[in-house]
Amino acid sequence: MAVYSRIAKPLSVAIAIIAILSVALPGFARATPDPAVAETIDFLIASVAQSDLTFVRNGKRYAGPEAAEHMRKKYDYFDDDIVSAEDFIRLAATRSLLSGKPYFVILADGTRAKTADWLGSRLNDYRLQTAQQTPAGESEDG
């Protein structure tokens, strides 16, 4: 009986620690973004940063680099929830978290469009361009 109690107590403690860690650690784990998705999102952010357009957030106008910096911060904030470029647009480039107001972009002709729509168009263009650059029979996955 003495041998059993010397083994049972440490074993039950080890099992308890494993149970606690199995519940707690997934919350600390960071998602590793798919390289192709991260590259696509980087392209979208760079498109904003390099743009001569004006971006509107909560009624205030921002140049491309400022708007891109804000989107990058939101991308970092939502990184565990973003698994696609569409997720990035929806979570980081569509609307203000504080006010709920949509983001807009003022186009070269002076018209106003939702930033999500503008980025969606840039995303489609990017995917068409990368699809044309990928040789037949070869995927982006390698």
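What to note about this one:
- Within the set 93, 85, the sole residue that is in contact with a Leu (Cβ under 6 Å, 6 or more places away or on another chain) and more than 17 Å from residue 64 (Cβ to Cβ) turns out to be 85.
- Being out of contact with any strand residue (DSSP E or B) (no Cβ under 6 Å at 6 or more places or on another chain) and surrounded by fewer than 17 Cβ atoms within 10 Å (Cβ to Cβ) is a property that residue 35 has.
- Residue list for the stretch 100-135, filter: at pLDDT below 95, among the hydroxyl-bearing types (Ser, Thr, Tyr) and outside any helix (DSSP H, G or I): 134
- Residue match in the stretch 49-59 (condition: part of a helix (DSSP H, G or I), at pLDDT 95 or above and in the same structural domain as residue 109 (by TED's automatic domain parsing)): yes
- Whichever residue in the stretch 57-109 is over 14 Å from residue 119 (Cβ atoms), free of Cβ contacts under 8 Å to residues at least 24 places away in the same chain and among the charged types (D, E, K, R) and, among such residues, is surrounded by the fewest Cβ atoms within 10 Å (Cβ to Cβ): 109
The values are calculated or read from the model by the stated rules, or taken from the named source; none is laboratory data. A quick note: this is a predicted structure, and the numbers were derived from the prediction, not measured. Note that each Cβ is placed from the backbone with ideal geometry, even for glycine, and that neighbours are counted across all protein chains shown.
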